[in-house]
Amino acid sequence: QVQLVESGGGLVQPGGSLRLSCAASGIMFRLYVMGWYRQAPGKQRELVARIAPDGTTYYLDSVTGRFTISRDGAKNTVFLQMNILKPEDTAVYYCNAHLGRSEYWGQGTQVTVSS
């Protein structure tokens, strides 16, 4: 049974930081591209960042320089360090694991940036 369990969301003031974690089980983690997506109310889900097994990363333009994705193969966990958060970063953040035709999603964690 595949599980992606996110944690670390919450309420933060503009300019603050949060670190999201996603613990994966039931997959060969080291083979999967791991990603973070987000969906704000009334908007489509968008890819925020992803990291390939070889460490290659991609970032959405609006988060480049503020967010950092990383992975820990020993813990089967992917992280998203979010700094200098802005109100427009408010969304539900979802963890994603992708390998060929296999794709899995976490349940999502709410991030709210507000004063």
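In nanometres, what is the gap between the two model label sites at Q39 and K86, each 7 Å from Cα along Cα-to-Cβ? My value for the distance between the label points is 2.3 nm.
The 3J(HN,Hα) values that the Karplus relation (6.51, -1.76, 1.60; θ = phi - 60°) gives for region 37-43 are, in residue order, 10, 9, 9, 8, x, x, 10 Hz. Gly and Pro appear as x. In plain terms, the C-alpha convex hull of the chain casts an average shadow of 6.9 nm² when viewed from every direction. Of the trypsin sites (Lys or Arg not before Pro) found in region 1-64, those in coil by DSSP whose Cβ has at most 13 other Cβ atoms within 10 Å are K43. Full extension of the chain between S25 and R101 yields a length gain of 25.6 nm, computed as 0.36 nm times the residue separation minus the alpha carbon distance. Determine the distance separating the Cα centre of region 66-115 from the Cα centre of region 1-64; give it in Å without decimals. Centre-to-centre distance over Cα atoms comes out at 2 Å. For the pair D72 and Q13, the difference between a 0.36 nm per residue extended length and the Cα-Cα distance amounts to 18.4 nm. When the residues S115, S62 are ordered by accessible surface, computed with a 1.4 Å probe over the protein chains alone, the sequence from largest down reads S115, S62.
The values are calculated or read from the model by the stated rules, or taken from the named source; none is laboratory data. Computed from a predicted model, the values in this text were never measured in an experiment. Reconstructed Cβ throughout: ideal geometry from the backbone, glycine too, with neighbour counts over all protein chains shown. Surface accessibility is based on the protein's heavy atoms, side chains included, excluding ligands, DNA and RNA. Shrake-Rupley method; radii C 1.70, N 1.55, O 1.52, S 1.80 Å.
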